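Any read-out appearing in this document is the output of simple, stated calculations on the displayed coordinates, not a laboratory observation. What you are looking at is a predicted structure, and each value in this text was computed from that prediction instead of being measured. Note that we place each Cβ from the backbone using ideal geometry, even for glycine, and neighbour counts take in every protein chain shown.
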Amino acid sequence: MTYDCPIREGARLRPHAEALRFAGQTWTFRALDEEVTRWTEALAARGVDQGQRVALLSTSHPAVTFLFWALGRLGAIFAPLNARLTPAELMPLLEDVEPRLTLALGTLRDRLPEAVVLESVPDGVTASSVPERTWDADTARVILFTSGTTGRSKGVVLTEGAFRASCRASAANLGAHPAPRWLGTLPLFHVGGLAMLTRTAYEGGCLLLHERFDADAVNRAIDTEGASHASFVATTLERVLDARQDRRLPATFQCALIGGGPVPTALLTRARAAGLLALQTYGLTEACSQVTTERPGEADGRTAGPPLPGLEVRIVGTDGETLGEGQEGDVEVRGPTLMARYWRQREATRDAFHDGWLRTRDVGVLDAKGRLTLLSRRTDLIVRGGENLYPAEIEAVLANHPAVLESAVVGVPDSHWGELPVAFVVLRPGHALPDDLDAWCRQSLARFKVPTRFVAIETLPRNAMSKVERPVLRKHARSHPPYQPGS
């Protein structure tokens with residue numbers, strides 16, 4: 001089966017429907033198609049052709065949308081780079097991708113001085129006919145680099161088929177919507193941001209693109225721009241509710257997908273009281289965003305939900321045998337949303353797959369309804385006296401303490417127990433480190449799971465993909481004055 005560019009299809013079927021909005025500017029499908037055509041001609045004039053890569057350093061900007069669809073029409077591959085990376089971090093990625101063309105948003109070009117300014121790409125190009133290509137399910141569309149928290153960053157190759165399957169699976173879970181209006185607050189160098197960009201195009205909807213997250217701007221989009229869907233993490237969801245002072249959301253807003261870790265029960269209750277349906281979700285770049293998501297009619301905030309329609313999730317033991325409900329083990333995923341491969345890393349690709357199942361390197365458990373609870377990354381597992389401790393389980397308990405904004409739990413070496421858990425907590429404004437955190441945890445956790453120490457920290461260290469840098473916290477925990485090995 002072959003596919004045409006959805007922007008071109010939209011221009012033919014719904015030319016006057018709004019397709020993109022950014023900072024007060026709007027583009028209908030017809031206007032967006034004209035812009036993409038102009039960019040396609042400009043890229044072709046610069047020698048970009050099928051199978052070649054174009055690297056980009058940019059925050060979210062309308063030009064990124066034009067570029068993405070134009071590259072598709074040429075059969076070229078989009079390689080967005082994380083806009084938070086330093087020049088030293090960017091160089092190895094560029095060497096790996098070997099782009100035909102490197103672009104950078106004007107405000108970021110100082111980090112890539114040799115790059116062409118993104119906004120200037122179509123300038124001065126004379127209109128000409130360009131042979132445009134159709135796609136099939138195996139057509140490579142993007143290379144997205146993982147955060148590299150467990151070693152060298154790997155380029156995840158995602159295909160047109162993966163993006164379309166992800167769209168179908170999410171839509172089947174959320175229910176039919178004639179023209180979804182997704183709030184695009186996730187960066188377009190992130191799989192979540194690209195998921196919103198592609199879904200709105202496939203479904204004839206509109207991407208409400210924001211350069212960065214701003215709670216007031218989000219609320220304006222919800223209240224006055226008809227936003228129907230959004231993706232948040234717990235902290236951004238709370239900021240949205242704080243900024244609107246818990247005013248009820250309009251009926252036009254359908255739901256928000258919540259990722260990034262445990263969500264406090266009180267926050268979910270608060271969201272529901274404001275008319276905001278928050279659905280917890282689990283996903284990863286290698287599976288083109290979502291894998292599991294709560295069902296809208298069954299959401300209780302206790303799990304990350306069951307697999308999306310068309311996807312499968314299983315839990316396996318260290319011997320590779322499938323485990324039953326309630327048994328903790330490695331999470332594996334199978335379905336049409338999976339990556340094609342890691343870019344130029346055959347060994348890593350072979351290691352990632354097992355009989356068609358993707359090894360996620362995450363640890364979790366399925367309940368009787370097939371709903372997933374994520375416990376930890378395999379590399380984050382803490383082993384205390386032979387017992388497995390999962391940071392996510394402990395962090396979920398801490399998240400419900402009224403003084404705790406967020407937390408991260410790491411293991412530190414101990415001569416007697418092997419490892420001991422230490423909790424780093426970011427406190428809410430106006431709160432000191434509570435004396436009752438130990439007692440709070442003991443209400444919900446077995447004694448051996450309770451952190452041996454609680455350390456207040458202003459902010460959690462995060463990498464360029466906003467993931468907590470646990471090695472930094474482990475080093476901090478080992479050098480922190482109260483810590484004595486064997487205590």
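Points worth noting:
- Residues 107, 285, 185 arranged by fewest to most Cβ contacts within 10 Å: 107, 285, 185
- Magnitude of the charge dipole for the range 366-487, about its Cα centre and with charges confined to Cβ atoms of Lys, Arg (+1) and Asp, Glu (-1), is about 320 debye.
- Electrostatic bookkeeping for residue 312 treats Lys and Arg as +1 and Asp and Glu as -1; over the other residues with beta carbon under 13 Å from its beta carbon, the sum is 0.
- Local net charge near residue 428, Cβ-Cβ under 13 Å (Lys/Arg +1, Asp/Glu -1): -3
- Percent RCO, i.e. relative contact order, over the range 2-372, from Cα pairs under 8 Å lying at least 6 residues apart: 14 percent
- Tensor-based shape of the range 277-401 (alpha-carbon gyration tensor, a/c under 1.5 rounded, otherwise prolate or oblate): oblate
- Stretching residue 302 away from residue 172 to a fully extended chain increases their span by 44.7 nm, per 0.36 nm per residue minus the current alpha-carbon distance.
- On full extension, the segment bounded by residue 387 and residue 216 gains 57.0 nm, given 0.36 nm per residue less the C-alpha separation.
- Annotation for residue 439 and residue 472: the two label points, set 7 Å from Cα along the Cα-Cβ direction, are 3.4 nm apart.
- Pairs of alpha carbons in the range 124-249 whose separation is greater than 18 Å (percent): 63 percent
- In plain terms, the chain from residue 116 to residue 353 could stretch by 81.6 nm, reckoned as 0.36 nm per residue minus the Cα-Cα distance.
- Relative contact order of the range 82-175: 16 percent, from C-alpha pairs under 8 Å at least 6 residues apart in sequence.
- Of all DSSP beta bridges in the chain, antiparallel share, percent nearest 5: 60 percent
- With the simple model of a label 7 Å out from the Cα in the direction of the Cβ, residue 137 to residue 462 spans 3.6 nm.
- A convex hull fitted to the Cα coordinates of the range 381-479 yields 100 cubic angstrom per residue.
- For Cα Rg over 2.2 N^0.38 Å, calculated from these coordinates, the label among (i) 1.14; (ii) 0.99; (iii) 1.27: (ii)
- Each of 353, 427, 416 was placed along the dipole of the chain (beta-carbon charges, centred on the mean Cα), and the one lying farthest toward the positive end is 427.
- Of the residues 257, 308, the one with the fewest other Cβ atoms within 10 Å heads the list, and the complete ranking is 257, 308.
- Farthest towards the positive end of the charge dipole of the chain, among the residues 403, 291, 245, is the Cα of 245, using unit charges on the Cβ of Lys, Arg, Asp and Glu.
- Only Cα pairs under 8 Å and 6+ residues apart enter the sum, and on that basis the relative contact order of the range 381-479 stands at 27 percent.
- Dipole magnitude for the chain: about 200 debye, using +1 per Lys or Arg Cβ and -1 per Asp or Glu Cβ, origin at the Cα centre.
- Degrees separating the helix 470-479 axis from the principal Cα axis of the chain, which is the longest one: 30 degrees
- Charge tally for residue 303 (other residues, Cβ to Cβ under 11 Å; Lys, Arg +1; Asp, Glu -1): 0.
- Dipole of the range 297-390, positive direction: furthest Cα of 320, 340, 365, with charges on the beta-carbon: 340
- Under the convention that each Lys and Arg Cβ holds +1 and each Asp and Glu Cβ holds -1, the size of the dipole of the range 345-406 around its Cα centre is about 220 debye.
- Spatially near lysine pairs across the chain, Cα under 28 Å, sequence gap of 8 or more or different chains: 6
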